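A.B. asks: For reference, the structure I am asking about is given below.
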Amino acid sequence: MTTVDLGTAWQDIRARMMQVALPDSRFDMDLDSFIPAFTGVDTASRSAAGQSPFIRAKRLFITPDNSMQELRHLALAAGKTVLIPTYGLKRGFLKLDPARFDPALALYASWGDGGEHFGTFVPIPELPGIGRIDLCLVGAAAVTTSGLRFGMGHRYFDVEWNIFAAAGLVSDATPVWTVVHEAQVIEATNAGGLDEVPVDMTFTPDRTIAMPQAARPAVLRVDTLALLFGATPPAAVVDAVRCA
C-alpha cells in the first residue's frame, strides 16, 4: 500500500457509490450533501453489532448519517443509550434513552426526525453528567485501510471527539468504528492531520478491516474550527474544546 491523492480518490469513490448508494429523502443522490446508506448496510451493521464491544456497551455515540441508522436501531432495540450530535452542534446533542419509550418504537427513534421526537437535548456544558461513552460509531463518505476517514463532512467527528475528551467521556481506549460499502474503502496508508481521529475498525458487507488502535489527539487545531464553522463557531463549542 501507498499514499494516494484523497481528493481524486473521493471523486472516484463518489462515482462508484452512485451504483450502490440509497437516495436521501431531501438530497436524493447528491453525495456531496450527505453520507448515504447503501446496498448491504444491514449486513455490515449486524456484523458490527455482533462484536463484543458493541454487545457490552451501555452508552454509544452514533452519528446521524443515513449509513448509521441501522446501528442506531440495533443499539436502541438492545436497550442501549445513544448520543447523537445536532446539526452543526448548534443545539448540542440528543440523548436517546430506550427506558423513556416503548421498545417497539426503537426503529422510529433511530430515524433522523424520530431522534428529535424521542430524544432529550443535552447542551454541551451538561455533557459530563451523562457518563462515559463506551463506543463511537461514525459515518464515513470514504475510508482508507489505515483508518483515515475522508470526503464529505468527515471533520465534524474530530470536534465532537475533542469535546468528549475534554469532558472526560472518552479516552484512547474508546473504540471508534465505521460502517461503509466496499466501494468506499481505498487501500492507502495516508496519515491524518494532528487532530484527526482515525477509526479502529471498518465493517463492510463483505469483510471486517481492523487497524491498530492509534493514540487520539489531545487538542484541536484552531483552523479546524474555522474550516467547519467559519469565523463564528458556536460559543458552547469554543468553550468546550481544547485548541492549539
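No value in this document is a laboratory result; all are computed from the given coordinates. Because the structure is predicted, anything quoted here is derived from the model rather than measured. Cβ coordinates were reconstructed from backbone atoms using ideal geometry, including for glycine residues, and neighbour counts include every protein chain displayed.
A.B. asks: Spelling out what I want: for every residue of region 82-87, take phi, set θ = phi - 60°, compute 6.51 cos²θ - 1.76 cosθ + 1.60 (Karplus), and round to whole Hz; glycine and proline get x.
C.D. replies: Here the 3J(HN,Hα) series is 10, 10, 10, x, 7, 4 Hz.
A.B. asks: Next question, about the same structure. Among H73, H117, H181, what is the fewest-to-most ranking by other Cβ atoms within 10 Å?
C.D. replies: H117, H73, H181
A.B. asks: Ok, one more. If we count every other residue with Cβ under 10 angstrom of T178's Cβ, Lys/Arg +1 and Asp/Glu -1, where does the sum land?
C.D. replies: -1
A.B. asks: Could you list D200, D42 so that the one with the fewest beta carbons within 10 Å of its beta carbon is first and the one with the most is last?
C.D. replies: D42, D200
A.B. asks: In addition: Would you mind calculating the gained length between L107 and D12 on full extension (0.36 nm times residue separation, minus the Cα-Cα distance), in nm to one decimal?
C.D. replies: This chain segment gains 30.9 nm when fully extended.
A.B. asks: Quick one: if you stick a label point 7 Å off each Cα along the C-beta vector at R207 and D239, how many nm between them?
C.D. replies: In this crude spin-label approximation the distance works out to 4.7 nm.
A.B. asks: How much length, in nm to one decimal, is gained on full extension between T43 and R26, taken as 0.36 nm per residue of separation minus their Cα-Cα distance?
C.D. replies: That works out to 3.6 nm of additional length.
A.B. asks: Moving on. With a 10 Å Cβ neighbour count serving as the proxy for reagent exposure, in which order, fewest first, do Y108, Y87 appear?
C.D. replies: With the fewest neighbours first, Y108, Y87 line up as Y87, Y108.
A.B. asks: What's the extension gain from S33 to V222 if we count 0.36 nm per residue and subtract their Cα-Cα distance?
C.D. replies: My answer for the length gained is 65.6 nm.
A.B. asks: How much of the DSSP beta bridge set in region 1-121 is antiparallel, as a percent to the nearest 5?
C.D. replies: Counting only bridges with both partners in region 1-121, antiparallel ones make up about 75 percent.
A.B. asks: Just to confirm a number: summing +1 for Lys and Arg and -1 for Asp and Glu over residues other than A21 whose beta-carbon lies under 11 angstrom from that of A21, what do you get?
C.D. replies: -1
A.B. asks: Only one of the values [x] 1.01; [y] 0.94; [z] 1.06 was calculated from this structure for Cα Rg over 2.2 N^0.38 Å; name its label.
C.D. replies: Of the labelled values, this structure produces [y].
A.B. asks: Another question about this same structure. What whole number of Å gives the distance from the Cα centroid of region 31-110 to the Cα centroid of region 128-204?
C.D. replies: After rounding, the separation between the Cα centres reads 15 Å.
A.B. asks: Another question, if that's okay. For region 126-135, just list the computed ³J(HN,Hα) in residue order, Karplus coefficients 6.51, -1.76 and 1.60, θ = phi - 60°, integers in Hz, with x standing in for Gly and Pro.
C.D. replies: 8, 4, x, x, 8, x, 5, 8, 8, 7
A.B. asks: Label T3 and E116 with points 7 Å out from Cα along Cα→Cβ: what is the distance between them in nm?
C.D. replies: 4.2
A.B. asks: Residue by residue through region 204-220, which ³J(HN,Hα) values in whole Hz follow from phi under the Karplus form 6.51 cos²θ - 1.76 cosθ + 1.60 (θ = phi - 60°), with glycine and proline marked x?
C.D. replies: These are the phi-based 3J(HN,Hα) values: 10, x, 10, 6, 10, 10, 9, 10, x, 5, 8, 4, 8, x, 8, 9, 10 Hz.
A.B. asks: Around T232, under 14 Å between beta carbons, what's the net of Lys plus Arg minus Asp minus Glu among the other residues?
C.D. replies: So the environment of T232 carries a net charge of 0.
A.B. asks: Something else: Which residues' amide hydrogens lie under 5 Å from the amide hydrogen of G119, considering only partners 5 or more residues apart or on another chain, with H built in the peptide plane?
C.D. replies: none
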